[in-house]
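Here is the structure we will look at, set down as structure tokens.
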Amino acid sequence: MQSKEFDINLAEDVCLATDIKLGNKIYAKGYALTKEDILIFKMHGLNSIFGVLMEEGDISYQTALGIVSAKLCGANTAYALDEKGICQIISTVDGIFVNSEDRVSKFNRLNPHVVLNTVEPYSSVSEGEVVARLEITLPALPQTEVDDIIFKLSGNSELLSIAPLRPHSVCLLYAKQQDNSAETKHFTSVVKKVVKDFKSLQFDFAHEVNAEYNVESVADGIQTALRYSNDVILILGSVRTSGMTDVIPTALSKVVDNIVSIRMPQVGGTDLIIAEKNNQKIIILPYDYDKIDTEIINRLIKQTVFSDKINQFDFERHRIPELALGQALPEYCRSGLITSNNATGDISQANIGAVVLAAGIGSRSGRDKLLAEIEEGVPLFLKAVKAAISSNASPVFVITGYRHEELEEYLENVDVNIIYNPAYRSGIKTSISLGLKSMPSFCEGALILPADMPNINAEDINRLIKSFKRGAEKQLCMFTHNGIKSNPVIWSSSLYDKADVVPEESQYRPIFMEHSDYTNYVEIADDDKFLDVTFPADIEQLQKKMSKE
């Protein structure tokens with residue numbers, strides 16, 4: 001593809017980079033000039049034109065927009081081109097716009113000619129409302145560039161989706177210090193603002209719990225609230241929380257497994273704290289919630305309520321420019337709407353996520369084996385990541401630990417979920433646990449793939465996924481070669497608490513015997529597939545092999 005300024009005399013078949021109006025006629029972006037057009041352009045005094053001369057393997061921007069939009073759009077969205085050649089993406093239901101600023105920012109770094117803007121994440125939107133716009137600035141792109149975008153988006157679930165509105169049961173927990181009229185007035189004011197702010201979310205205030213303002217009483221109150229099994233627990237304090245060692249956060253730490261947000265960088269609202277226990281979301285509201293600007297705080301609360309799983313990294317993102325709410329799709333575009341289709345096409349195939357384990361030190365290799373280059377510019381761990389992304393597994397989680405900053409640099413422009421494991425020195429099971437805790441509920445199982453297995457490819461992973469029987473509650477899928485079991489392994493969601501990788505020399509040990517009744521084995525003939533890079537000689541052998549290929 002040639003993209004440049006062309007002499008008008010040499011511009012036959014050049015596709016215009018933008019709309020050009022000459023007299024009463026508009027030559028649209030992407031229009032390929034003919035000899036007759038060149039004469040008209042010269043008559044209007046145009047001596048040169050900027051555009052693109054398409055070559056074999058190039059596709060029009062309209063085709064590219066359709067391909068990319070289909071990959072971006074998730075549940076309850078649809079898309080169509082407007083008169084300016086911009087793809088408008090709308091909500092097909094009343095609901096909450098679900099997306100990640102960080103992922104949109106990463107998307108906008110993939111290609112300088114492809115731009116995505118969205119409304120504010122976790123906004124309330126109406127059916128037919130525009131939630132995003134996608135533009136390709138050139139009239140054409142090489143198919144290889146579009147393929148590269150699609151590949152880099154393939155390690156995760158769809159970027160844009162709408163969560164339909166549904167009732168959410170809420171328990172209010174009051175941590176009372178003085179239990180007087182002033183305190184009651186404060187609590188009432190906060191609750192009134194919550195009711196007003198979240199009216200559209202259909203909050204059902206089902207239970208109330210009272211606790212004294214001390215650690216043990218508040219902890220007991222949280223336990224009581226959890227037993228009601230509401231979707232959300234809102235904790236209101238009688239004084240402002242000053243830090244994580246204060247009364248309410250200390251009580252919370254005694255009860256919950258995961259605190260995902262410990263402070264809000266907003267004057268007057270720093271004491272917003274978000275946690276989770278048994279899929280119940282627990283939110284400590286800022287003491288001054290009824291007095292301060294709560295726009296960002298309310299967005300985080302919506303994100304908490306509507307996220308299937310909440311993780312610490314989801315609450316450490318910066319804003320990007322956003323579209324204004326309330327914009328409707330032009331009427332003439334509605335007939336051309338294309339609704340999203342999230343189905344794989346094979347309803348018998350289970351939804352399987354992937355956890356790539358890249359946190360270990362690899363001391364026996366004599367160096368950090370995961371960063372050892374086995375091809376020019378390609379470190380060892382990236383082979384496993386690419387295999388997972390290219391497979392039918394989705395979403396993909398990469399667990400980092402040792403030298404995580406360097407590993408994450410290689411993943412900067414790849415749309416995968418990166419989770420840092422600060423306890424990586426404590427063993428591989430800590431990394432497995434982190435990945436599985438983040439696995440969304442729609443996944444029936446999870447593939448666990450050590451990052452030091454460079455010969456496992458997407459086809460191998462797909463064979464393993466195909467062996468997973470949809471609907472079976474308990475099952476385990478693994479490779480075998482001449483009777484020897486090997487990684488990677490797929491565990492069904494009901495077995496996540498037992499999940500592990502196959503250790504070395506498993507043929508001599510009664511590995512996973514308790515699961516043998518529901519284990520599916522996939523035989524692999526090529527013994528090179530199971531190369532597990534452990535020693536320096538393994539790295540050297542692999543480098544030689546790759547240099548010959």
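The values are calculated or read from the model by the stated rules, or taken from the named source; none is laboratory data. Computed from a prediction, not measured in an experiment: that's the story for all the values here. In this analysis, Cβ positions are derived from the backbone assuming ideal geometry, glycine residues included, and neighbour counts consider all displayed protein chains. Keep in mind that these areas ignore ligands, DNA and RNA; they rest on the heavy atoms of the full protein, side chains included. Shrake-Rupley method; radii C 1.70, N 1.55, O 1.52, S 1.80 Å.
At each listed q (0.14 Å⁻¹), what is the log10 of I(q)/I(0) that the Debye formula gives for segment 147-261 modelled as equal alpha-carbon point scatterers? For the requested q values the scattering log ratios are -0.69.
Packing here is the average count of other Cβ atoms within 10 Å per residue, and on that basis the peptides 69-81, 145-157, highest first, run 69-81, 145-157. For LYS42, the lysines whose Cα comes closer than 23 Å to its Cα, not counting residues fewer than 8 places off in the same chain, are LYS4, LYS21, LYS25, LYS29.
Take each peptide in 384-395, 162-173, count the other Cβ atoms within 10 Å of every residue, and average; sorted highest first, the result is 384-395, 162-173. Taking LYS369, LYS498 and ordering them by how much accessible surface each has at a 1.4 Å probe, largest first, produces LYS498, LYS369. Within the same chain, lysines fewer than 8 places from LYS466 are excluded, and of the rest, those with a Cα less than 28 Å from its Cα are LYS71, LYS152, LYS309, LYS383, LYS386, LYS429, LYS437, LYS474, LYS485, LYS498, LYS529. Once you reduce segment 454-503 and segment 254-277 to the center of their Cα atoms, the two points are 36 Å from each other. Rounded to the nearest 20, the Cβ-based charge dipole of the chain about its Cα centre (Lys and Arg +1, Asp and Glu -1) stands at 980 debye.
For a test of the definition: using alpha carbon positions, the gyration tensor, and the 1.5 limit on a/c, classify the chain as rounded, prolate or oblate. Judged from the Cα gyration tensor, the chain comes out oblate (a/c at least 1.5, b/c at or above a/b). For a straight C-alpha distance cut-off of 18 angstrom, the lysines reachable from LYS185 (same-chain residues fewer than eight places away being disregarded) are LYS176, LYS193, LYS196, LYS291.
Taking the square roots of five times each eigenvalue of the Cα gyration tensor of segment 11-80, the equivalent ellipsoid has semi-axes of 31, 14, 8 Å, listed largest first.
Counting charges near VAL305 (Lys, Arg +1; Asp, Glu -1) among other residues having Cβ under 14 Å from its Cβ returns a value of 0. Working note: Karplus 6.51/-1.76/1.60 with θ = phi - 60° gives segment 325-330 the couplings 6, x, 8, 9, 5, x Hz, where Gly and Pro are set to x.
For the chain, the relative contact order comes to 12 percent (Cα pairs under 8 Å, sequence separation of at least 6). Taking 0.36 nm per residue of separation and subtracting the current Cα-Cα distance, fully stretching the chain between ASP13 and LYS25 would add 2.5 nm. With an a/c value of 1.5 or above and a/b not larger than b/c for the gyration tensor axes a ≥ b ≥ c computed over the alpha-carbon atoms, segment 434-478 is described as oblate.
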